[in-house]
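Engineer: Before anything else, here's the structure in question.
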Amino acid sequence: KVAIKGIERELICPACKELFTHPLILPCQHNVCHKCVKEILFAFEDSFADGGSESSNQSSPRIRISASSMDRIDRINRSGRKRNSLTPRSTLFPCPGCQRDIDLGERGINGLFRNFTLETIVERYRQAARAAIAIMCDFCKPPPQESTKSCMDCSASYCNECFKIHHPWGTVKAQHEYVGPTTNFRPKILMCPEHEMERVNMYCEICRRPVCHLCKLGGGHANHRVTTMSTAYKTLKEKLSKDIEYLISKESQVKAHITQLDLLLKETECNSERAKQEASQSFEKLYHVLEEKKSAALRAIETSKNIRLEKLQTQVEEYQGLLENNGLVGYAQEVLKETDPSCFVQTAKQLHVRIQKATESLKSFRPAAETTFEDFVVDTAKQEDVLGDLSFHSNGLEIPEINEEQSKMYNKALICWECPGKTDSADIYVLEYHKLNREDESVTWQKTEVCGKSKVLSDLDDDSSYAFRVRGYKGSICSPWSREVILHTPPAPVFSFLFDDKCGYNNEHLHLNPRRTSVESRAGFPLLLGSERLQVGCYTTLDYIIGDTGIAKGKHFWAFHVEAYSYLVKVGVVPSNKIQKLFHNTHDVTSPRYEQDSGHDSGSEDAFFDSSQPCTLVTLGMKKFFIPATPAAPKDPASRILPLPSCLGICLDCDRGRVGFYDAGRMKCLYECEVDCSGIMYPAFALMGGAAVHLEEAVTAKYREYHDDI
């Protein structure tokens, strides 16, 4: 049997850290003192009044409100609840044992069961702890005698004589239940807290709590699975007994585990000390390298200083000599007074050389050494970045890789990464990015922490290139940085629109999805029947569809996908004043040799883009992108055929009157031309035969989660 003193930590309230007093069973099956539940609820109401400030908890230092529940406090605070000085009105609080949010419902504390079994065990523990302190008889005249038994029906303790007097033989009181001396009295019948006049006689297997028959008939347990109290008692007692027997039988195994854990504790201490020493040695090496570099730099500066001072001092001495040559000038003036040519020449020759040197020195004055030490400035920017990233590296933590195919740059940037081993070994990831700028030599990485393997960024500039890298963290351990990936943002803000299902839409030949983001041409019987009226070798009419939103000014970009099986698709823009002409254009019924930008060999090198067409379109099809035949285009038709990108983009600049067609994956312009933007411009698409176009979906905060669900 387990000694009574070995269970004391099971008898401690998780809120007040003292022995339980009138413990209540919470819905999560943890026990808390009745007074502690009240204090917690009052503390929450104080938090509501004070806006969740820390000072609101000062009145009850035993109670600590978890940060995870503060958002609940804010919501309930906004509901306008006020504290009642008698009973707490709040019914929501975190369990002190498991920190789960507990909602007591409408009845609040009154809806909780009192754990009488736990109370009895606590009382036994208290009696064992104070065995020397006797429980006195409640009915003896002074001085009272030591009690020998307690009556559970009378809730009182008696000595032998008093018990006989108050429980005479042959009366109803003689049938009362009595136990050994105790101060813990509990009711003989457990009553339902929701229906106070009904005794509990069933056990709800869903809520794991006793209920009465009214709870089952029309209460909150009407649809729950219940069993009789006797069955629940037998079942739970058997399970508990078996579990206790199992634990007792595994006592040697538990002791072995404890011994192993003690060894692990010591091993952890030793390994932590060793890791500290290794880390200290690594930093000492860095200190040593820095000290050597510092000494070398200071020596170089000192040497340069000495050399410069020496040169300048020499120059000072030279000019000091010029001051001393004042006598030379006077001497020369006296020589000029000589009238005998022979004597003058003899003396003036040497004197003139000295005067010339002094004159040249004055004319070409230049300090012998520089005073600045700009060449000795130590640039530590890169080293500071490296030291800032200094952390513990682990061979067991995989280096993440940015997935360029899943990453996307559109209205926002979606950056996705994965681990090569397909295992999520890191607890958190750090994504860094910076804008590439040739003029700015210094690089400042922007950092963001991510719990998953993707991140949506919305603060990037248009028409720019960004470098991205990511690393994983598990505690204080981190992986090396991933390979840097460079992605390009769209050349202009993203323009959002849907396909227009009203203006000129031919629902016999074209099929729109319910969201109006995809259009598909139906190459079925209507197309075959229509071809009977055409000449042999001619194409049928193109089916046009436009966007439901127009552009009046500014620069805009939109992207879309063309299915690889598409035979013929035209994409571009159309002004509002030519939309009617677009849908009734007679040139749509053409032969392959007449179509100017179809990509087929027209047989004429001089057949250029027809400016009379109502809209500016380029031709796609058969996995190819056809550059229109313009004077600026290459003469060779083969050089005007490019592979069809997986995603295409169109950039319309109304202010400059130009439209560009882009490879949206790399944000590279494939073709650009002038366009008349005198009216409101609409995105335009034309399909023929089997073909489909899907508009690029805008990136949202939940973009990745949505597509993962799909």
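The values are calculated or read from the model by the stated rules, or taken from the named source; none is laboratory data. Remember, it's a predicted structure, so these values are computed and weren't measured experimentally. So basically every Cβ, Gly included, is an ideal-geometry build from the backbone, and we count neighbours across all protein chains shown. Note: areas computed on protein heavy atoms with side chains; ligands, DNA, RNA excluded. Shrake-Rupley method; radii C 1.70, N 1.55, O 1.52, S 1.80 Å.
Engineer: Would you work out which of Leu457, Val470, His434 lies farthest towards the positive end of the dipole of segment 401-489, given +1 charges on the beta-carbon of Lys and Arg and -1 on that of Asp and Glu, about the Cα centre?
Structural biologist: The Cα lying farthest towards the positive end belongs to Val470.
Engineer: I need the peptides 294-306, 361-373 ranked by packing, meaning the mean over residues of other C-beta atoms within 10 angstrom, with the highest value on top. Working shown, then result.
Structural biologist: Working: 294-306: 11.5, 361-373: 9.8.
Ranking the peptides 294-306, 361-373 by packing returns 294-306, 361-373.
Engineer: Using a Cα-Cα cut-off of under 19 Å, which lysines could be cross-linked to Lys349, ignoring same-chain neighbours fewer than 8 residues away?
Structural biologist: Lys349 reaches Lys337, Lys357.
Engineer: On to the next question. Give the peptides 335-342, 307-314, 567-574 in descending order of average Cβ contacts within 10 Å, highest first. Let's see the in-between values first.
Structural biologist: Numbers: 335-342: 9.4, 307-314: 12.8, 567-574: 21.9.
Packing proxy ranking, top to bottom: 567-574, 307-314, 335-342.
Engineer: Let me ask something else about it. For segment 401-489, with only Lys/Arg (+1) and Asp/Glu (-1) charged at the beta-carbon, what is the dipole magnitude about the Cα centre, in debye rounded to 20?
Structural biologist: Details: 12 positive and 16 negative charges, 75 e Å.
Rounded to the nearest 20 debye, it is 360 debye.
Engineer: Starting from the Cα coordinates of segment 231-379, work out the convex hull volume and express it per residue in Å³. Please list the in-between numbers first.
Structural biologist: On the way: hull volume 25.7 nm³, N = 149.
So the per-residue hull volume is 173 Å³.
Engineer: Heavy atoms only, probe 1.4 angstrom, no DNA, RNA or ligands counted: give me Met136, Met409 ranked by accessible area, highest first.
Structural biologist: Details: Met136 75, Met409 25 Å².
Descending order: Met136, Met409.
Engineer: Viscosity 1.002 mPa s, temperature 20 °C: what is the translational diffusion coefficient of segment 246-333 from Stokes-Einstein with a Kirkwood Rh over Cα pairs, rounded to a whole number of µm²/s? Display every interim value, and only then the final one.
Structural biologist: Working: Rh = 20.7 Å.
Reported coefficient: 103 µm²/s.
Engineer: Can you list the lysines whose alpha carbon sits under 28 Å from that of Lys293, skipping same-chain ones fewer than 8 residues off?
Structural biologist: Lys276, Lys285, Lys305, Lys311, Lys382
Engineer: Could you order the peptides 259-272, 651-664, 634-647, 96-109 from most to least packed, using the average number of other C-beta atoms within 10 Å per residue?
Structural biologist: The packing order, highest mean first, is 651-664, 96-109, 634-647, 259-272.
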